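Heads up, the thing below is written out as structure tokens.
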């Protein structure tokens, strides 16, 4: 099939592919800029993005805000001003401060999930930055579209529909994670139709992007034919030369088998998909010691949380795999080698054209 670029208001990129934001530190400027330079949209995750700043332990918020602005600057510089997005979880502490930093840093799009981004339209109302909520169902899409319409008189610039096959935190209850592909595809179509109502009301095209379990060009073509405007992919971009994570983290993907991919309980309050290792096995057996709280999640209580998610994710990006939580999508086991972003994007393009 022919490839139509992804248009988000006045933004147009040639490839309808958004690289999903991955924290902590898995998608920063190096990966995001590489994806943008190959025609997609690269995304920096704001989750504890300053994990390697000297004052991260003592001055967490300032370190993260400084690092986020710097990572956006580096990505924009590497792409000669190309399109760069930032993923900011609603569940994060200091959400407003991170949104402000993304705006001041020069990001083009804020993608926001892990909760309902009720405040986002107000926070960006005086700026030209685009906003895109992540939804997991028609119900959640209706809630956000209605709230933004009623309270802020705006509609999203893009809607991302993330299914239960995604990596990391999932917007589904455990009993719904095994939703059939057919059921999810119906949700996608319903959300596309619902979004069109608000697009017509506000006289704007609102692209709908599908995420979760998308592995190759055939998958991308399927959703484009279904009526979506693009896809968001994360797992495939981990096993790339430019991914900001450690080589050990990337190797965990390459070495994984299908049975290694499991569902874990996250302190965020959502189930998550990860690669089983010695750390994950310990979490299955009970609560681990939490020696320090980074106050990363608004409703996390270190006295009762099963483990510190920041510490576990930082261990992963640094390569300390015995103490690491390695989030991944359900297709991670299909990855057999580490390639460049250019090679991956060319492969995906060829597969779409053949579909």
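The table below lists the values:
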quantity: Rounded FRET efficiency, nearest 0.05, which uses the C-beta distance separating residue 59 from residue 146 and R0 of 35 Å; calculated: 0.35
quantity: Ranked by how many other beta carbons lie within 10 Å on average, peptides 230-241, 328-339, 175-186, 52-63 from highest; calculated: 230-241, 328-339, 52-63, 175-186
quantity: Estimated FRET transfer efficiency when R0 is 41 angstrom, pair residue 248-residue 122 (beta carbons, to 0.05); calculated: 0.50
quantity: The stretch 137-216-the stretch 1-35 distance, computed between alpha-carbon centres (Å); calculated: 18 Å
quantity: Helical contribution to [θ] at 222 nm, DSSP H n ≥ 4, -39,500 (n - 2.57), averaged over the chain, rounded to 500; calculated: -11500 deg cm²/dmol
quantity: Rounded to 5, the percent of DSSP beta bridges in the chain classed as antiparallel; calculated: 30 percent
quantity: Length-normalised contact order of the chain in % [C-alpha pairs under 8 Å, at least 6 apart]; calculated: 19 percent
quantity: Chain lengthening between residue 343 and residue 241 when straightened (0.36 nm per residue, less Cα-Cα); calculated: 35.7 nm
quantity: Spacing of the two label points (7 Å from each Cα toward its C-beta) at residue 257 and residue 197, in nm; calculated: 4.8 nm
quantity: Approximate spin-label separation residue 10-residue 153, in nm, with each point projected 7 Å along Cα-to-Cβ; calculated: 2.1 nm
quantity: Gaussian network model of the chain, springs between alpha carbon atoms under 10 Å - residue of 286, 85, 50 with greatest fluctuation; calculated: 286
quantity: Residue 77 versus residue 176: modelled label distance in nm, points set 7 Å from Cα along the beta carbon direction; calculated: 4.3 nm
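Bear in mind these aren't lab numbers, they're just calculated from the coordinates by the rules spelled out. Please read all numbers here as calculations on a predicted model, not as lab measurements. Neighbour counts run over all protein chains shown; Cβ positions are idealised from the backbone, glycine included.
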